[in-house]
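The values are calculated or read from the model by the stated rules, or taken from the named source; none is laboratory data. Keep in mind that what you see is a predicted model, and the values were worked out from it rather than measured. With ideal geometry, Cβ positions are generated from the backbone for all residues, glycine too; neighbour counts draw on all protein chains shown.
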Amino acid sequence: MAFLIFGMLRATWALRREPQFVSLALLTVIAIASGTAFYSLVEGLRFVDALYFSVVTLTTVGYGDFAPQTDVGKLFTALYVLVGIGILLTFVTTLAAKMSQASPLHPFTSQPSEAVSNRAAAPCRSSRPAPVRRESSR
């Protein structure tokens, strides 16, 4: 579990300067914060319960211990799920892709190592000799 958290933090640190990731992280925070504020104000949940319900709803876990009681709360939740799941899924997928690029003990690299790129650029050598081109005598 520690390697997973460490890997997530490393991936976040490595992605911190990419504008698309920063925007996505901001959207994720706004989605969770707006759900927390809504459920706290409209549904009357405590802050911790509202935050918990927002995260559980967006991650589609849905334990069933909380449910919106008002019609406005139910309508908001329907829209919140449709928009929020896409945002959260994209954020988590971006982090997971960055985490899978390196092992937890090695640093992330933006470009492949020279050894890998040299191997890829080297011509393929077959055990068979190259065909001989014969010119026609026309």
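Looking only at the stretch 44-62, count every residue that is of a type in the set (A, V, I, L, M), crowded, with 18+ Cβ neighbours inside 10 Å and within 20 Å of the chain's Cα centre (by Cα) and tell me the total. I'd like the intermediate steps shown before the answer.
First pass over the stretch 44-62, keeping only residues of a type in the set (A, V, I, L, M): 45, 48, 50-51, 55-56, 58, 61.
Okay, now just the ones that are also crowded, with 18+ Cβ neighbours inside 10 Å, so 45, 50-51, 58.
Filter once more, keeping what is within 20 Å of the chain's Cα centre (by Cα): 58.
Total satisfying the criteria: 1.
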Task: Residues within the stretch 50-62 that are of a type outside the set (S, T, N, Q) and in contact with a helix residue (DSSP H, G or I) (Cβ under 6 Å, 6 or more places away or on another chain), tallied - done: 4
Open item on the list: What's the number of the only condition in (1) at pLDDT 60 or above; (2) under 27 Å from A11 (Cα atoms) that F66 fails to meet?
Closed with: (2)
Task: Breaking point among (1) touching a helix residue (DSSP H, G or I) at 6+ places or on another chain (Cβ under 8 Å); (2) over 26 Å from L15 (Cα atoms); (3) exposed (fewer than 15 other Cβ atoms within 10 Å of the Cβ), for L41 - done: (1)
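Determine whether L75 is surrounded by fewer than 12 Cβ atoms within 10 Å (Cβ to Cβ) and modelled with pLDDT of 90 or more.
In short, yes.
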